[in-house]
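**Q** Sharing a structure with you now.
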Amino acid sequence: MYERAEARIDLGALKHNCARLRRRIGPDVELAPVLKADGYGHGAAHCAAAAIEAGVDRIAVATAREALQVRAMDAEVPILVLGALAPGEVEVAIMAGADVSVWDPLFVGSVATAARAAGRVTGLHVKYDTGMGRLGSSDPEVVMATAQAVNESPDLKLEALWTHFATADDPDPAFMDLQRGRLSDLGERARSLHPGLKLHAANSAALISDPATHFDLVRPGVAVYGMDPFGRDPSECDLRPVLSLHSYVATVKRFEPGMSAGYGRTWIAGEPTTVVTVPVGYGDGVRRGLSNVGEVLINGRRHRFVGTISMDNITVEVGNAAVAVGDEVTLIGSQGEETITAEQVAAKLGTINYEITCAISPRVPRSSSGDRV
Ligand SMILES: *Cc1c(COP(=O)(O)O)cnc(C)c1O
């Protein structure tokens, strides 16, 4: 370890995951990995470069700034902004040469104005809210009118009609089926007026669970990073985790009964033992809720956090294991036969794997390696 803490990004694993997803969708469906939120905490720039090398068709992001960041990596790759855009962001997205999402004829007018000012014909994806209850219009007539407004503008190109599933990770497919049916019904109507219009809906969970959701393009996020959208072990779908998180043993200390570790003395040694300090904490995104329950790997063995997690340090009881200053500590990832997955950490916190990697703060450097496919 040259660094206090380090997130290692295995770009070979990312390419492997893209290839697995490609195999599921076949050659005729566009693969558009989602690189929002700094690539789910993995570092958007190197992930974008690897995804492009893996031959994806376009990159999806949530915000205009994210689009600009991807454009800086690659002059050509088609980019789609999925999220809502504030007025100033419309210009940024257009400057990035990205397609944008719309659901309101008035907003279409402001995108057209900005596209004309920039001298750049902009592709638009009309969002239909089929049940997420968030962005998009839930009124089919407003959706049709929005598509019509796009089609009438010489500064815009009508690319797609799309939606987002609320329950794709739910074992009961009923609501997803309902949403899918709404998109395909309106899609049929819209295509009769606008031939060539694409449809898209699938996130990772839908992509994996139901080929009927693939339509013309899929937008997997979490699976690209080798995490399981259903919270299971990612290897069940042959996904390889892309991120591992490491630190090192900074001190090794013998504890006698009655000695405590950390703020508030939430843990007190009951018998003689050894406690090590690892210089990583909630300031790095190791959530304080893991105090006294989280685990790490040292020399291939699991050890439990003891005491309250601080901003910059955690304390770990290693008992009588042979541990020395400088030994590598793995918070997410594998050592020998043992693995700690983001899914396991999430389960301890009552949250989802997505939040675990997104929480890793900018203080932790992301180093990338690996061209294996
Ligand atoms: C984040 C996002 C995705 C990707 O979802 P995953 O569950 O990570 O696959 C797809 N579409 C939209 C609109 C999103 O916001």
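**Q** Using the Kirkwood formula on the Cα atoms of the stretch 184-329, what hydrodynamic radius do you get, in angstrom to one decimal?
**A** With all distinct Cα pairs of the stretch 184-329 included, I get 18.7 Å.
**Q** Sticking with this one: Ordering 22, 58, 116 by how much accessible area each has at a 1.4 Å probe, largest first, what is the list?
**A** 116, 22, 58
**Q** If each of residue 233 and residue 72 carries a label point 7 Å out from its Cα toward its Cβ, how far apart are those two points in nm?
**A** According to this spin-label approximation, the distance is 4.0 nm.
**Q** Could I ask something else about it? Assigning unit charges at the beta carbon (Lys, Arg +1; Asp, Glu -1) and nothing else, what dipole magnitude in debye, to the nearest 20, does the stretch 237-373 show about its Cα centre?
**A** 260 debye
**Q** Next up: Starting from the amide H of residue 319, placed 1.01 Å from N in the peptide plane, find each other amide H under 5 Å away whose residue is 5 or more places distant or on another chain.
**A** The answer is 274.
**Q** For the stretch 1-113, count the residues as N, evaluate 2.2 N^0.38 Å, and divide the Cα radius of gyration by that value, please.
**A** 1.18
**Q** Within the stretch 103-121, whose backbone N sits under 16 Å from a point 7 Å along Cα→Cβ of residue 145?
**A** So the set is 103-110.
**Q** Put 103, 267, 162 in order of accessible area, largest first, 1.4 Å probe: what do you get?
**A** Greatest to least solvent exposure: 103, 267, 162.
**Q** Moving to a separate point now. Based on DSSP, what percent of beta bridges with both residues in the chain are antiparallel, to the nearest 5?
**A** Antiparallel: roughly 50 percent of the beta bridges in the chain.
**Q** Kindly state, to the nearest 0.05, the FRET efficiency for residue 95 paired with residue 293, given R0 = 45 Å and r defined as their beta-carbon distance.
**A** Using R0 = 45 Å, I get an efficiency of 0.45.
**Q** Run the 1.4 Å probe and let me know the accessible area of residue 134, rounded to the nearest 10 Å².
**A** My reading of the accessible area for residue 134 is about 150 Å².
**Q** Moving on. Determine the order of 169, 129 by accessible area, beginning with the largest, at a probe radius of 1.4 Å.
**A** Most to least solvent-accessible, the answer reads 169, 129.
**Q** Another question, if that's okay. Would you mind getting the accessible area per residue of the stretch 138-218, heavy atoms of the protein chains only, 1.4 Å probe, in Å²?
**A** Per residue, the stretch 138-218 has 43 Å² of solvent-accessible surface.
**Q** Using only alpha carbon pairs under 8 Å that are at least six residues apart, calculate the relative contact order of the stretch 1-102 and give it in whole percent.
**A** 22 percent
**Q** Run the dipole for the stretch 1-112 about the Cα centre, Lys and Arg Cβ at +1, Asp and Glu Cβ at -1, nothing else charged, and hand back the magnitude in debye, nearest 20.
**A** For the stretch 1-112, the charge dipole is close to 420 debye.
**Q** Only Cα pairs within less than 10 Å get springs; with that Gaussian network setup on the chain, which residue of 272, 241, 220 has the largest fluctuation?
**A** 272
**Q** Something else: Given contacts defined as C-alpha pairs under 8 Å and at least six residues apart, what's the relative contact order of the chain, whole-number percent?
**A** About 19 percent, as a whole number.
**Q** Over the chain, with every protein chain in place, what whole percent of the accessible area is carbon and sulfur at 1.4 Å, could you tell me?
**A** On the chain, the fraction of accessible area on carbon and sulfur atoms equals 52 percent.
**Q** Could you give the semi-axes, largest first, of the ellipsoid that matches the chain, computed as the square roots of 5 times the alpha carbon gyration tensor eigenvalues and rounded to whole Å?
**A** 45, 20, 18
**Q** Which FRET efficiency, nearest 0.05, do residue 363 and residue 265 yield, Cβ-Cβ r, R0 45 Å?
**A** 0.95
**Q** With the contact rule set at Cα under 8 Å and sequence spacing of 6 or more, what percent relative contact order holds for the stretch 274-373?
**A** Computed over the stretch 274-373, the figure is 29 percent.
The values are calculated or read from the model by the stated rules, or taken from the named source; none is laboratory data. Keep in mind that this is a model prediction, so the values were computed, not measured. Neighbour counts are summed over all protein chains in view; Cβ atoms, including those assigned to glycine, are modelled from backbone coordinates with ideal geometry. Quick note on the areas: whole protein, heavy atoms, side chains included, nothing else; ligands and nucleic acids left out. Shrake-Rupley method; radii C 1.70, N 1.55, O 1.52, S 1.80 Å.
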